[in-house]
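Where a number appears in this text, it was derived from the coordinates with a stated rule and is not lab data. Since the structure is predicted, the reported quantities are computational estimates derived from the model, not experimental observations. Virtual Cβ from ideal backbone geometry, glycine too; neighbours counted across all protein chains shown.
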Amino acid sequence: MSRVYNFCAGPAALPEAVLTRAQEELLEWQGQGASVMELSHRSKAFIDVMEQAESRLRRLLGVPDDYAVLFQQGGASQQFAAVPLNLSSDTDSADYLVTGQWSKKALAEGARFVNANCVADGAEDNFMSIPPRDGWSLGGGRYFHYCPNETIGGLEFSDVPAVDSPLVADMSSTLLSRPVDVTQFGVIYAGAQKNIGPAGLALVVVQKELLGQARSSCPAMLNWETAATNGSMYNTPPTFAVYLTGLVFEWLESLGGLEVMGAINARKAARLYGHIDNSDFYSNPVSKSARSWMNVPFTLADSALDKVFLDEAEQAGLTNLKGHRSVGGMRASIYNAVPEAAVEALCTFMSEFEQRYG
């Protein structure tokens, strides 16, 4: 068996050590005589899995006791609705900053439940830069929603917006890639399939004082207080996804935590962007002050070569490099589980491709 270097934006690469561990434990988990995915979620054995996963996440992120940690189903897109249903009434307003396709979708879904004020829309610049702060039209709503890293366009905030309302962040493609000060946020949510675990799971880290504000029409499955009160097990949780996620947390701790992971990710991004910037054949369209560490889009000098590039890259074991259909070109997603060797292999391939076709 030969594993490829997988640059998929999601579902993304998982650490090989985690996959190997799961493979070894798949049929019989820790003396239980059954797979972990066959255990009752009410059993002590699985409750321990859930509690250990939460404890490890709290250590990694430094989550204070006055924040709840929730393991939710439905992915981050379901949280687009959960946010207004938990934090506002249908007569309230909320601020949304649009910097790419995911924050645009969050705004559209939020507008179904709350008076959504678009603070600024980066579409005017084709989402290539962060709208200047002095041009934001803040409405002082019940919360301020933004996406710190836009997976599709490769746009990332270098700082945290300073606003008066509770800050809500969709960190699907950046959470656990480096340290973050949780106390700057009212709510952090993230789909798991980037740096956290398999698809189908979402994490929510929410300040406890924001719980208990859900409107009466909020479905129980979307109510954060219900999830918190029931230890994320109001219904049967995605047990295997929680187990794998816990293994990823354990792997991150074994590396030395998010400080170490952040240093590795910084090197990977610097290596790839440096290669792009030092070439007349490749280019990255995003403002240098807002380039993503996690998602690196790039174009060729001749777009007619895109398919050739992708075909030859796949033959070389470099997969899932096609850019999103709304952007085109190429995109390398270099999440936590993508090793530095993969980035080096990609840069080597890019050099050789340029020599042949440039």
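The figures follow:
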read-out: Exposed-loop-free span, longest in the chain, where trypsin sites (Lys or Arg not before Pro) count as exposed if DSSP calls them loop and at most 12 other C-beta atoms lie within 10 Å; value: 113-324
read-out: Answer label, with volume of the Cα convex hull per residue in Å³ calculated from the coordinates and candidates (1) 334; (2) 187; (3) 131; value: (3)
read-out: Segment 332-358 and segment 226-273: distance between their alpha carbon centers, rounded to Å; value: 25
read-out: Mean separation of Cα contacts under 8 Å, 6 or more apart, over the residue count of the chain: relative contact order %; value: 23
read-out: Partners for Lys322 among aspartates and glutamates (Cα-Cα distance below 14 Å; same-chain residues under 8 apart left out); value: Asp306, Asp311, Glu312, Glu314
read-out: From the C-alpha gyration tensor of segment 257-357, square roots of 5λ in Å; value: 22, 15, 13
read-out: Estimated [θ] at 222 nm from DSSP helical runs (n ≥ 4, -39500 (n - 2.57)) normalised by residues in the chain, nearest 500; value: -11000 deg cm²/dmol
read-out: Exposure proxy ranking, count of Cβ atoms within 10 Å, fewest first, for His275, His324; value: His324, His275
read-out: Gyration tensor (alpha-carbon) shape descriptor, segment 171-239, a/c threshold 1.5; value: oblate
